[in-house]
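K.L.:
I'd like to ask some things about the structure below.
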Amino acid sequence: MEHELSKIAIIDFGSQFTQLIAKRIRVMNVYCEIFPQNTDFKTVKEFNGFVFSGGPESVNNSESELAAEIIKLNETMSVPILGICYGKQLICHYFGAQIKTNFNREFGKTKIKILKESPIVNGVWDIGAEVDVMMSHSDSVNTIPEGFTLIASGVINQTVAIIVNESRKIYCTQFHPEVKHTENGIGLLSNFLDIAHCSRNWTMQSFIDEQKQKIQNMVGNQKVIAAVSGGIDSSVATALTYQAIGPQLNCLFIDTGLLSNSQKQNINMLQEFPICYIDRSNLFLSRLNGITSPEQKRKIIGNTFIEIFEEEAKKLGNIGFLMQGTIYSDVIESGHASNNASTVKSHHNVGGLPEKMQLKLIEPLYYLFKDEVRILGKEVGLVHEIISQHPFPGPGLAIRIIGEVTEEKVHILQEVEEIYSNTMKNYNLYDEIWQAFAVLLPIKTVGIMGDKRTYKYVCALRAVTSSDGMTADAFPFEDKNKYSLVFWDFLQNVSNIIINKVTGVSRVVYDITSKPPATIEWE
Ligand code: XMP
């Protein structure tokens, strides 16, 4: 029935992209949930369709009872299944195909050719089309299982790219339709939702209502303490939680001494929430004294944060919970998303939590990506300046000062960042760029100013395009004539202002690396 909520179950086999599948489905207004592979079959059997995610294992070394039960359900009820990468190998293995390990390995962008029509590609890719897709696999299917038809294969090495069993409504892709690098992969996912007869009536407002209800049930009449930094995530999480429990929420703004100037200004725009200002910059800077390892910096900052929160919670009394603006990319990058994911960086609001933390956590944005947080922020009524600001990492300028953090370096970087950000706004570039910031390098180089030799720091400017921070490209010099002149002119101008106004810097460079292979932040 049209008014009923359709539901897709995503079975997570440990891929870094599992949440992206969920996000793409949510964007198409269909409700979905992610389940670990050890979930009891009864929990998922009422869903309208199933997606088996990718994963790092080889199916030759693992079995999935849940996947087998779902495939049996499909046999009797025709509930559609989409297997992606590892999910595809799992299905093929179940149907008796041979899986070869380390055969035709492919990582990154490649091309596939559409060979036949199928409801899964209709209207998305025509027969004969060569399509850019993202592959990431070591295993390959060697034989096509009985009942399945080959719909697309790899252009270079004939990889079995899409196979389907139309009568059983089972669809398998070797590539990842959920990532942006696959051209119109969302079209394939959309076809899958149609095949599963999903009504598209789930909205961000439904998410807000669910979260508010959950928070109210968890908290009861206890108090909640929250870290508010003026950044987008903590502001949106605060607004949502405040709508759920009102004055039971106590917000603390901790000045770590590692914030950008604009972050401090943003706090003034959040006056409607009860925010208490605490300056602990000396404590943070003294604990970072002599520390150069990025991971150690993150752990120290995370632990110090929680310590201060526990102290403040004691003072306030009857605090049962800590609310944080953790979002899903923080979770993935910290390696907490699945037991199989590896740690890229310990995001301090996840990886730095001390084992014996005495407050329970509320993280209402845990499953959202940055662009979804922005949509949510608008729905809960936050102003454009807060919602549109670039992401700012929890550990702040400490991870943008490469090597040892000192008060002098923090001041230099704060000045550079303010100039960079204001100049972007003057050129109307700020809202075009997903994230931009400066990095202070631990090296000095020779310059010449007013006939005198100088020997000062190098600062690197970074500006990236992205949609969720999971992948990113350097903001382009030449983008179909849109930015080329402006951006070059902008870079020269901003570099001049920095060198002239900031005494500690004598050279400015621009970082042109994508993510991957680099990350967005330098540490
Ligand atoms: P990376 O550098 O991992 O960054 O490519 C992806 C996005 O996450 C932000 N980031 C952080 N955010 N705590 C945060 O709250 C952190 O420790 C952290 N490290 C990186 C980064 O600014 C980018 O937007």
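The values are calculated or read from the model by the stated rules, or taken from the named source; none is laboratory data. Quick caveat, the model's predicted, so the values are computed rather than measured. Cβ placement follows ideal geometry from the backbone for every residue including glycine, while neighbour counts extend to all protein chains displayed. The accessibility values were calculated without ligands, DNA or RNA, using every heavy atom of the protein model including side chains. Shrake-Rupley method; radii C 1.70, N 1.55, O 1.52, S 1.80 Å.
K.L.:
Failed condition for N201, given (1) under 19 Å from K113 (Cα atoms); (2) surrounded by fewer than 22 Cβ atoms within 10 Å (Cβ to Cβ), with all others met?
P.N.:
(1)
K.L.:
Then there's this: Can you pull out the residues in segment 383-408 that are modelled with pLDDT of 95 or more and away from the ligand (no atom under 15 Å from the Cβ)?
P.N.:
The answer is G403, E404, T406, E407, E408.
K.L.:
Now for a separate question. Do you know which residues across segment 422-454 are in a helix (DSSP H, G or I), in contact with a Phe, Trp or Tyr (Cβ under 7 Å, 6 or more places away or on another chain) and among the aromatic types (F, W, Y)?
P.N.:
none
K.L.:
Would you be able to tell me the number of residues in segment 211-232 that are away from the ligand (no atom under 16 Å from the Cβ) and in a helix (DSSP H, G or I)?
P.N.:
Within segment 211-232, residues that are away from the ligand (no atom under 16 Å from the Cβ) and in a helix (DSSP H, G or I) number 9.
K.L.:
From the list E33, E75, E65, which one is free of Cβ contacts under 8 Å to residues at least 60 places away in the same chain and over 26 Å from the mean Cα position of the chain (by Cα)?
P.N.:
Result: E65 is the single residue among E33, E75, E65 that is free of Cβ contacts under 8 Å to residues at least 60 places away in the same chain and over 26 Å from the mean Cα position of the chain (by Cα).
K.L.:
Please go through segment 438-469 and pick out each residue that is open to solvent by less than 20 Å² (accessible area, probe 1.4 Å), within 12 Å of the ligand (Cβ to nearest atom) and touching a residue at least 60 places away in the same chain (Cβ under 8 Å).
P.N.:
V439, R462, D468, G469 - these are the residues of segment 438-469 that are open to solvent by less than 20 Å² (accessible area, probe 1.4 Å), within 12 Å of the ligand (Cβ to nearest atom) and touching a residue at least 60 places away in the same chain (Cβ under 8 Å).
K.L.:
Now, a different point. For T173, only one of the following conditions fails: (1) open to solvent by 20 Å² or more (accessible area, probe 1.4 Å); (2) in contact with a Lys or Arg (Cβ under 9 Å, 6 or more places away or on another chain). What is its number?
P.N.:
(1)
K.L.:
Say whether the condition of being among the hydrophobic types (A, V, I, L, M, F, W, C) and open to solvent by 70 Å² or more (accessible area, probe 1.4 Å) is met by at least one residue in segment 70-93.
P.N.:
yes
K.L.:
I'm told T18 meets every condition in (1) of a type in the set (S, T, N, Q); (2) at pLDDT 90 or above; (3) open to solvent by 70 Å² or more (accessible area, probe 1.4 Å) except one. Can you identify the failing condition by its number?
P.N.:
Going through the list (1) of a type in the set (S, T, N, Q); (2) at pLDDT 90 or above; (3) open to solvent by 70 Å² or more (accessible area, probe 1.4 Å), T18 breaks only (3).
K.L.:
Next up: Between E385, E404, E408, E432, which is closer than 30 Å to I300 by Cβ, in contact with a helix residue (DSSP H, G or I) (Cβ under 9 Å, 6 or more places away or on another chain) and open to solvent by 20 Å² or more (accessible area, probe 1.4 Å)?
P.N.:
The unique qualifying residue is E404.
K.L.:
Also, I was wondering about something else. Which one of the conditions (1) open to solvent by 60 Å² or more (accessible area, probe 1.4 Å); (2) among the hydrophobic types (A, V, I, L, M, F, W, C); (3) touching a strand residue (DSSP E or B) at 6+ places or on another chain (Cβ under 7 Å) does V30 fail to meet, given that it meets all the rest?
P.N.:
V30 satisfies all of (1) open to solvent by 60 Å² or more (accessible area, probe 1.4 Å); (2) among the hydrophobic types (A, V, I, L, M, F, W, C); (3) touching a strand residue (DSSP E or B) at 6+ places or on another chain (Cβ under 7 Å) except (1).
K.L.:
Identify all residues within segment 242-258 that are part of a loop (DSSP other than H, G, I, E, B) and either touching a Lys or Arg at 6+ places or on another chain (Cβ under 8 Å) or open to solvent by 10 Å² or more (accessible area, probe 1.4 Å) (or both); write none if there are none.
P.N.:
Result: T256, G257.
K.L.:
So, one more: Out of (1) in contact with a Gly (Cβ under 8 Å, 6 or more places away or on another chain); (2) away from the ligand (no atom under 16 Å from the Cβ); (3) open to solvent by 20 Å² or more (accessible area, probe 1.4 Å), what's the single condition that is false for F305?
P.N.:
Every listed condition holds for F305 apart from (2).
K.L.:
On to the next question. Does at least one position in segment 233-241 carry a residue that is part of a helix (DSSP H, G or I), among the β-branched types (V, I, T), at pLDDT 95 or above and within 25 Å of M135 (Cβ to Cβ)?
P.N.:
No, segment 233-241 contains no residue that is part of a helix (DSSP H, G or I), among the β-branched types (V, I, T), at pLDDT 95 or above and within 25 Å of M135 (Cβ to Cβ).
K.L.:
Can you tell me which of R298, R287 is assigned to a helix (DSSP H, G or I), of a type outside the set (A, V, I, L, M), at pLDDT 90 or above and away from the ligand (no atom under 11 Å from the Cβ)?
P.N.:
After applying the criteria, what remains is R287.
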